[in-house]
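Here is the structure we will look at, set down as structure tokens.
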Amino acid sequence: MKITVVGVGLLGGSLALLAKEKGIASKIIGVDINPLHAERALALGIADEMLPLEQAVKNTDLVVLATSVNILVKQLPQVLDLIGDHTIVMDLGSTKELICQVADSHPKRNQYVASHPIAGTENSGPDAAFPGLLKKKIMIICDKEKSSKHALETVVSLSKQFEMRLSFMHAAEHDRHLAYVSHLSHISSFALGITVLDKEKDEKSIFEMAGSGFSSTVRLAKSSPEMWAPIFTQNKENISTALGAYIRRLQAFKDIIDSNDETRSKELMHHANEIRRVLLGIENPSQSS
């Protein structure tokens, strides 16, 4: 299979490397507007060749759009205009509703599969890519009924060869759920990082006292603002609702601490401990997909 990857950073680069490792790709063509990324993608073996978008998406079997979601909404119809009748397009965007709305009005909508791998790190760029990023993770496919049988089967097969589990849902449902389990986590981490930086001006003191709990909680604050700001904008209504619920919980904790209500504090934390059960289910899923 000849695969074109548009955006050879963390996700796009990892997918390309995994496709090579699994023997799925006969050739990887890369596209990236950042000349340094293009150079690194070739040096790291992510892409076999780097081409301009207009050339790269022609005469290829699969186009993978791995750019930020604000670029994706403009890029998707352009790519659908350029591809031939047998080329399939999938994206790796963290939002889906607006992207799917843009695709729905295109005559080649059935050649597109709206997808989102639940995988990532706080790092970005080609040097952050590694083939194991996608393995054992979940691939969400949205609005599958709007994709052709061939397009859907191709992306499903690719995901299974990547050892990924599959989940199908509507685009609006995807964005609603991701606001809570992904987007809110990043906002919390950004906010914690800012809070500590504003309070503690002595950086040496911060590093001396910061333990593993702080480091793991604030890890996502190192994520790319160029990637996450457009996600927050596109999913603003769902994120606002999630933030409102989160702020109310934070206020409840503050009220309990202010009132020295240790009994109620323990009750809330015991309730929060139930997340162990949920995470255990995520980490040890059934083998069916």
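The values are calculated or read from the model by the stated rules, or taken from the named source; none is laboratory data. Fair warning: this is a prediction, and the values are worked out from it, not measured in the lab. Glycine gets a Cβ as well: all are built from the backbone with ideal geometry, and neighbour counts include every protein chain shown.
Does Lys74 fit the bill of being in the same structural domain as Val102 (by TED's automatic domain parsing), more than 28 Å from Glu163 (Cα to Cα), part of a helix (DSSP H, G or I) and under 23 Å from the mean Cα position of the chain (by Cα)? Yes; evaluated as a whole, the condition is true for this residue. Only residues that are under 23 Å from the mean Cα position of the chain (by Cα) and under 10 Å from Ile29 (Cα atoms) were counted across the range 43-52, and they come to 2.
Look at the range 136-154 and say how many of its residues are part of a helix (DSSP H, G or I), in contact (Cβ under 8 Å) with a residue 12 or more places away in the chain and either surrounded by fewer than 18 Cβ atoms within 10 Å (Cβ to Cβ) or touching a helix residue (DSSP H, G or I) at 6+ places or on another chain (Cβ under 9 Å) (or both). Steps first, answer last, please.
We begin by selecting, within the range 136-154, every residue part of a helix (DSSP H, G or I); these are 144-146, 149-154.
Checking which are in contact (Cβ under 8 Å) with a residue 12 or more places away in the chain leaves us with 144, 146, 150-152, 154.
From what is left, the residues that are either surrounded by fewer than 18 Cβ atoms within 10 Å (Cβ to Cβ) or touching a helix residue (DSSP H, G or I) at 6+ places or on another chain (Cβ under 9 Å) (or both) are 144, 146, 150-152.
Residues in the range 136-154 being part of a helix (DSSP H, G or I), in contact (Cβ under 8 Å) with a residue 12 or more places away in the chain and either surrounded by fewer than 18 Cβ atoms within 10 Å (Cβ to Cβ) or touching a helix residue (DSSP H, G or I) at 6+ places or on another chain (Cβ under 9 Å) (or both): 5 in total.
Taking each residue of the range 23-47 that is over 18 Å from Leu72 (Cα atoms) and of a type in the set (Lys, Arg) and looking for partners that are at pLDDT 95 or above and in a strand (DSSP E or B) with beta-carbon atoms closer than 7 Å, six or more apart or interchain, yields Lys27/Lys2. Lys135 passes every criterion in (1) among the basic types (Lys, Arg); (2) more than 30 Å from Ser216 (Cβ to Cβ); (3) modelled with pLDDT of 95 or more apart from (2). For the range 63-119, enumerate the residues that are over 21 Å from Leu15 (Cα atoms), small (Gly, Ala, Ser) and in contact with a strand residue (DSSP E or B) (Cβ under 8 Å, 6 or more places away or on another chain). Once the filter is applied, which keeps residues that are over 21 Å from Leu15 (Cα atoms), small (Gly, Ala, Ser) and in contact with a strand residue (DSSP E or B) (Cβ under 8 Å, 6 or more places away or on another chain), the range 63-119 yields only Ala103. Of the conditions (1) out of contact with any strand residue (DSSP E or B) (no Cβ under 7 Å at 6 or more places or on another chain); (2) in a loop (DSSP other than H, G, I, E, B); (3) touching a residue at least 12 places away in the same chain (Cβ under 8 Å), Leu18 fails just one. Which one is it? If we test Leu18 against (1) out of contact with any strand residue (DSSP E or B) (no Cβ under 7 Å at 6 or more places or on another chain); (2) in a loop (DSSP other than H, G, I, E, B); (3) touching a residue at least 12 places away in the same chain (Cβ under 8 Å), just (2) comes out false.
Only helices (runs of 4 or more DSSP H) whose full extent lies in the range 181-270 are considered here, and the ones with at least 2 residues that are surrounded by 15 or more Cβ atoms within 10 Å (Cβ to Cβ) and within 17 Å of the chain's Cα centre (by Cα) are 184-199, 225-234, 236-258.
Can you tell me which of (1) over 27 Å from Asp104 (Cβ atoms); (2) part of a helix (DSSP H, G or I) is the one Leu178 doesn't meet? That leaves (1) as the condition not met. Could you tell me whether the range 116-135 includes any residue that is over 28 Å from Gly45 (Cβ atoms), among the charged types (D, E, K, R) and either without any contact (Cβ under 8 Å) to a residue 40 or more places away in the chain or out of contact with any Gly (no Cβ under 6 Å at 6 or more places or on another chain) (or both)? No, there is no match, as no residue in the range 116-135 is over 28 Å from Gly45 (Cβ atoms), among the charged types (D, E, K, R) and either without any contact (Cβ under 8 Å) to a residue 40 or more places away in the chain or out of contact with any Gly (no Cβ under 6 Å at 6 or more places or on another chain) (or both). The set of residues in the range 44-64 that are in contact with a helix residue (DSSP H, G or I) (Cβ under 7 Å, 6 or more places away or on another chain) and of a type in the set (D, E, K, R) comprises Glu54, Lys58.
Condition first: surrounded by 24 or more Cβ atoms within 10 Å (Cβ to Cβ) and of a type in the set (Gly, Ala, Ser). Can you find one or more residues in the range 48-61 that meet it? Within the range 48-61, none of the residues are surrounded by 24 or more Cβ atoms within 10 Å (Cβ to Cβ) and of a type in the set (Gly, Ala, Ser).
Tell me, please, whether a residue that is at pLDDT below 95 and assigned by TED's automatic domain parsing to the domain that holds Lys135 can be found in the range 37-56. If you could, list the steps in order and put the result at the bottom.
Within the range 37-56, the first condition is being at pLDDT below 95, and the residues that meet it are none.
No: zero hits.
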